[in-house]
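The values are calculated or read from the model by the stated rules, or taken from the named source; none is laboratory data. This is a predicted model, so every value here is computed, not measured. As a convention, Cβ positions derive from the backbone with ideal geometry for all residues, glycine included, and neighbour counts pool all protein chains shown. Calculation scope for accessible area: heavy atoms of the full protein, side chains included, ligands and nucleic acids excluded. Shrake-Rupley method; radii C 1.70, N 1.55, O 1.52, S 1.80 Å.
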Amino acid sequence: MCSSDLGRLVLPGGVVAASLGIADGRIAALAEGPLDGHEVIDATGRVVLPGVVDLHVHFNDPGRAHWEGWGPGSRAAAAGGVTTVVEMPLNSLPPVTTVDALEAKLAAAAGQSLVDYALWGGLITDNRDHLAALARAGVIGFKAFMSHSSTEEFTHVEDGVLFDGLQRLAALGQVLAVHAESNAITQERTRRLQAAGRRDRRAWGEARPPVAELEAIHRVLFLAQQARCRLHVVHTSLPEGVALIGGARAAGQAVTVETCAHYLALTEDDFVALGPVAKCAPPLRDAARQEGLWQAVLAGQVDCVTSDHSPCPLEDKARGADDVWQAWGGITGIQTLLPVMLTEGVHRRRMPLAQLAALLAANAARIAGLWPRKGAIQVGADADLVIVDLDRRWRVEAAWLQSRHRQSPFLGREMQGWVERVLVRGRTVAQEGHVVGAPAGQWLRASPPQDREDQPV
């Protein structure tokens, strides 16, 4: 047995000073006093969090591994305290819209990933007959775009396909994760702005205004309620959107919602200052909406916070320096997810550590059907642990980043809370910002729908 001695363990019921025993990759014991073990990790004075479960990442492999790849992406995850990733179906070639494509994704990940992983399948215009086979093959749910997606091969779905897909997924007991922006509004706004010669950074936000996100959330909530399909709204950037979803949930609808660390730490003014490195969709919003989003998070109205890690080669950002439309829209953020939330949430806004653990681990694990194996420090769960020096201040530097392309909107930013050591199934994968050990990540199939605990804690 390996043991961790007398750290402040963040358990589902609160924070306790205790020791933790690990056997065969699982948490075998929790005790008030020291535990014996062949390896002892002294966590005195440290906080021990459950490993982060990032429900929304893009590693772009196979087909676009030069954008990131399972190796660099999983190293960045490990260094930042993310022990389980749920990878999105688009941006790889082929996208995961058939079982053959799923098998190609699994072959790319095998032997490369340092952390454990699950996979989303995709719902696009012409793959509805593949949904059942993908569900049987082990995807944890499905992803669809209501607006034009970032890659041509992953087509967005209009209402007819969307509703039919929702009905089919409901019959399969599956969840649909949806990118909710109105295609009609965003495309019309984009055409008008481009015709007027606008290429400046503020044009990006004007092309994707709050109304485009809110209209799409309204519409998909209604369609999912009519289809009786579980819904997960991804990367919500607006407090008004969270309120719409909360209202639907209060009325009995099965719906969850995520936001991203960058919406909680960056504003549209930061985008203007930083440039394409901070371009994303939906776009960064104004400071007042960011504060409203924080209030929703702290009030427990948001289920989880993700990275929406979506890297690209440096040149794909640089080409948008003087023409915002030419830059790739995605933020490299998996390694900074936990540090941002420790800094902005725990230290700046006094978020309880138990709430942080729910937002970054437990709720995502439930949504993905990976609970109780993942998402919490409890006997029987995988020993996925993050040992944190909660008070240490440090700055994000390019040398610390593990992604293939070392870019981040947080470069130079001071953080408080240092990821000291990271364990996946009891095995140390990162220590003091350095990745250690060989890739041994495992594919995680979702629990059968009848056995899942999908409601947030």
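Looking only at segment 223-260, how many residues end up being open to solvent by 10 Å² or more (accessible area, probe 1.4 Å), assigned to a helix (DSSP H, G or I) and out of contact with any Pro (no Cβ under 8 Å at 6 or more places or on another chain)?
Looking only at that region, the number is 12.
Against the conditions (1) open to solvent by less than 20 Å² (accessible area, probe 1.4 Å); (2) touching a Pro at 6+ places or on another chain (Cβ under 6 Å), where does VAL277 fall short? Just the number, please.
Every listed condition holds for VAL277 apart from (1).
Is it true that some residue in segment 70-80 is charged (D, E, K, R) and open to solvent by 10 Å² or more (accessible area, probe 1.4 Å)?
Yes; the residues of segment 70-80 include at least one that is charged (D, E, K, R) and open to solvent by 10 Å² or more (accessible area, probe 1.4 Å).
Quickly run through segment 82-116 and pick out the residues that are open to solvent by 10 Å² or more (accessible area, probe 1.4 Å) and not β-branched (Val, Ile, Thr).
Matches in segment 82-116: LEU93, PRO94, PRO95, ASP100, GLU103, ALA104, LEU106, ALA107, ALA108, ALA110, GLY111, GLN112.
SER149 - would you say it is touching a residue at least 40 places away in the same chain (Cβ under 8 Å) and under 24 Å from LEU385 (Cα atoms)?
Spelling it out, it is not the case that SER149 is touching a residue at least 40 places away in the same chain (Cβ under 8 Å) and under 24 Å from LEU385 (Cα atoms).
Need at least 3 residues that are at pLDDT 95 or above and either of a type outside the set (D, E, K, R) or over 28 Å from ALA273 (Cβ atoms) (or both) per element, so show me which helices (runs of 4 or more DSSP H) inside segment 301-415 make the cut, counting only ones lying wholly within it.
Output list reads 337-340, 353-357, 363-367.
Please work out if ILE334 is out of contact with any Lys or Arg (no Cβ under 9 Å at 6 or more places or on another chain), of a type in the set (Val, Ile, Thr), within 21 Å of VAL15 (Cα to Cα) and open to solvent by less than 10 Å² (accessible area, probe 1.4 Å).
no
Checking the structure you have, find out if any residue of segment 141-159 is open to solvent by less than 30 Å² (accessible area, probe 1.4 Å) and either basic (Lys, Arg) or more than 27 Å from ASP54 (Cα to Cα) (or both).
Yes, segment 141-159 contains at least one residue that is open to solvent by less than 30 Å² (accessible area, probe 1.4 Å) and either basic (Lys, Arg) or more than 27 Å from ASP54 (Cα to Cα) (or both).
Among the residues of segment 117-127, how many are among the polar types (S, T, N, Q) and open to solvent by less than 10 Å² (accessible area, probe 1.4 Å)?
Looking only at that region, the number is 1.
Under 7 Å between Cβ atoms, which residue pairs at least 6 apart in sequence (or on different chains) link something in segment 290-309 that is at negative phi and touching a residue at least 12 places away in the same chain (Cβ under 8 Å) with a partner that is open to solvent by less than 30 Å² (accessible area, probe 1.4 Å) and aromatic (Phe, Trp, Tyr)?
From residues that are at negative phi and touching a residue at least 12 places away in the same chain (Cβ under 8 Å), the pairs are GLN290/TYR263; LEU293/TYR263.
Going through LEU193, LEU214 one at a time, which residue ends up being at pLDDT 95 or above and within 26 Å of ASP54 (Cα to Cα)?
LEU214
Among the residues of segment 21-58, write down those that are modelled with pLDDT of 95 or more, in a strand (DSSP E or B) and closer than 16 Å to ARG427 by Cα.
Those that are modelled with pLDDT of 95 or more, in a strand (DSSP E or B) and closer than 16 Å to ARG427 by Cα: GLY21, ILE22, ALA23, ARG26, ILE27, ALA28, VAL48, LEU49, PRO50, VAL52.
Checking the conditions here, which among ARG64, ARG26 is in contact (Cβ under 8 Å) with a residue 12 or more places away in the chain, open to solvent by 30 Å² or more (accessible area, probe 1.4 Å), of a type outside the set (Phe, Trp, Tyr) and over 22 Å from ALA364 (Cα atoms)?
ARG64
Taking segment 421-442 as the search range and keeping residues that are touching a Ser or Thr at 6+ places or on another chain (Cβ under 7 Å) and on the phi < 0 side of the Ramachandran plot, which one is surrounded by the fewest Cβ atoms within 10 Å (Cβ to Cβ)?
VAL436
Here are LEU162, LEU169: which of them is under 13 Å from ALA216 (Cα atoms) and in contact (Cβ under 8 Å) with a residue 40 or more places away in the chain?
Result: LEU162 is the single residue among LEU162, LEU169 that is under 13 Å from ALA216 (Cα atoms) and in contact (Cβ under 8 Å) with a residue 40 or more places away in the chain.
Go through segment 321-362 and give me each residue that's free of Cβ contacts under 8 Å to residues at least 40 places away in the same chain and polar (S, T, N, Q).
Residue satisfying the conditions is GLN326 alone.
Out of curiosity, is GLU181 at pLDDT 95 or above, assigned to a loop (DSSP other than H, G, I, E, B) and within 23 Å of the chain's Cα centre (by Cα)?
So GLU181 passes the test.
Considering only segment 83-99, I want to know if a residue exists there that is at pLDDT 95 or above, closer than 15 Å to VAL429 by Cβ and among the hydroxyl-bearing types (Ser, Thr, Tyr).
Yes, because at least one residue in segment 83-99 is at pLDDT 95 or above, closer than 15 Å to VAL429 by Cβ and among the hydroxyl-bearing types (Ser, Thr, Tyr).
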